[in-house]
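Q: Okay, here's the structure, questions in a sec.
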Amino acid sequence: MEKDCIDNAVDFLNVWNSYGVHKPDGPLRCISQKLFGSFWQCSNTDQDTLYPGNAEKAWIFSKATLEQLLYLQYRDGLDPEKMAAAGFVLIGFGPPALDDAIEGWCLQVFTMPEDVKDQAAMGLIPVVPTAASWFYHLSTQNFSIDLEVQKEISLAYNSVGKNNVVDVFSKLTNCSVSDILTKNNPFTSKGTCFQHIQDMYTELSEYGEQGVDACVPIFMTNAKGLWNVGNAGDVRMMLNLCYDVNPYITLIGWGWNAYPNPVVARHRATRRTGRSILARNT
């Protein structure tokens, strides 16, 4: 086991700030398994949740990603814009997110309650968000997805390998890969996405990220008959709208980005990023 790893937010902040001033000799500090992080919309000073208050879940990350972010601060801390751009790529801001300025975001670093029972009671047991874990979560809330749909989505993502994960999303939804990579709102563009996907976006977007509290019930009820709850593409888009499971999410537990990983040397460029983790938004 590694010794002297950073295991609290105060020490992380102090080391972070020191790396932005000078380059220490010797190996960089390691991060404890106890420490987690998230990118937080800190422009909202009244916010006491990781994501906007009505979101059910929050995407977080742990040791490996925090160590890579700390390395980026060590490498690029004297150039904050370069460091920030690399950091956004690492935690999953895909194209075209970096085309314009990104403001009002901070790196939030925190620990979980030490008592496992407290973690469970608060819904803070970290979960690796695979396709199976999403379907299990929905079933525990009495929203059952057809088994054939579960199988189709799971198999589609299990075969991702080194392929472009956006291609998988596109095949399920008919949404244009080019639009996803270049447009801020690729799901309502004329000529892209199945019509029922576009209709779903129109109906559910105002309930974005609200999960089983609002978004999923509307999808499953399908009161206007605009989509098909037994269609794999529609279910995949529901996860996108209701939980921010965007087209860059692999559903196999690891991050992916159309931008190359900023930590890896160019001659070994990879699209993979850190491990994806999910917790209750609190």
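Any read-out appearing in this document is the output of simple, stated calculations on the displayed coordinates, not a laboratory observation. It should be emphasised that the depicted structure is a prediction, and the values quoted were computed from it without experimental measurement.
Q: Roughly what angle does helix 232-243 make with the longest principal axis of the chain, taking Cα atoms, 0 to 90 degrees, to the nearest 10?
A: Taking the Cα atoms of the chain, the angle to 232-243 is about 50 degrees.
Q: Where Rh is the Kirkwood radius over the Cα pairs of segment 1-117, the temperature 4 °C and the viscosity 1.567 mPa s, what D in µm²/s does Stokes-Einstein return? Display every interim value, and only then the final one.
A: Values: Rh = 15.4 Å.
Reported coefficient: 84 µm²/s.
Q: Could I ask something else about it? Please state, as a whole number in µm²/s, the translational diffusion coefficient that the Stokes-Einstein equation yields for the chain at 20 °C and 1.002 mPa s, with Rh defined as the Kirkwood radius across alpha carbon pairs.
A: It comes out at roughly 107 µm²/s.
Q: Right, something else. Give a residue-ordered list of calculated ³J(HN,Hα) values for segment 166-175 (Karplus: 6.51 cos²θ - 1.76 cosθ + 1.60, θ = phi - 60°; whole Hz; x for Gly, Pro).
A: Each residue's phi maps through the Karplus curve to give 5, 4, 5, 4, 5, 5, 6, 10, 6, 5 Hz.
Q: Going by amide H atoms built from the backbone, whose H comes under 5 Å of the H on G274, apart from near neighbours?
A: When sequence neighbours closer than 5 places are left aside, the close amide H contacts are G255.
Q: How large is log10 of I(q)/I(0) for segment 143-250 at q = 0.09, 0.10, 0.17, 0.20 Å⁻¹ when the intensity is taken from the Debye formula with one equal scatterer per alpha-carbon?
A: The calculated log intensity ratios at q = 0.09, 0.10, 0.17, 0.20 Å⁻¹ are -0.20, -0.25, -0.76, -1.06.
Q: Now for a different question. Note the direction-averaged projected area, equal to a quarter of the hull surface, for the Cα convex hull of segment 108-184, in nm².
A: For segment 108-184, the mean projected area of the Cα convex hull comes to 8.1 nm².
Q: Cα centroid distance between segment 15-81 and segment 122-140, in Å?
A: Their Cα centres are 24 Å away from one another.
Q: Lysine pairs in the chain with alpha-carbon atoms under 24 Å apart, 8 or more places apart or on different chains: how many are there?
A: Final tally of qualifying lysine pairs is 21.
Q: Once phi is turned into θ = phi - 60°, what whole-Hz ³J(HN,Hα) does the Karplus curve with 6.51, -1.76 and 1.60 give for every residue of segment 30-35, x standing for Gly and Pro?
A: 8, 10, 6, 5, 7, 9
Q: So what's the gap between the Cα centers of segment 204-248 and segment 147-188, to the nearest angstrom?
A: Taking the Cα centre of segment 147-188 as reference, the centre of segment 204-248 is 15 Å away.
Q: Right, something else. Hey, what angle do you get for helix 63-76 against the long axis of the chain, alpha-carbon based, 0 to 90 degrees rounded to 10?
A: In the chain, helix 63-76 runs at an angle near 60 degrees to the longest axis.
Q: Could you work out the mean projected area of the convex hull around the alpha carbons of segment 49-117, in square nanometres to one decimal?
A: Values: hull surface 24.9 nm².
Computed as one quarter of the Cα hull surface, the answer is 6.2 nm².
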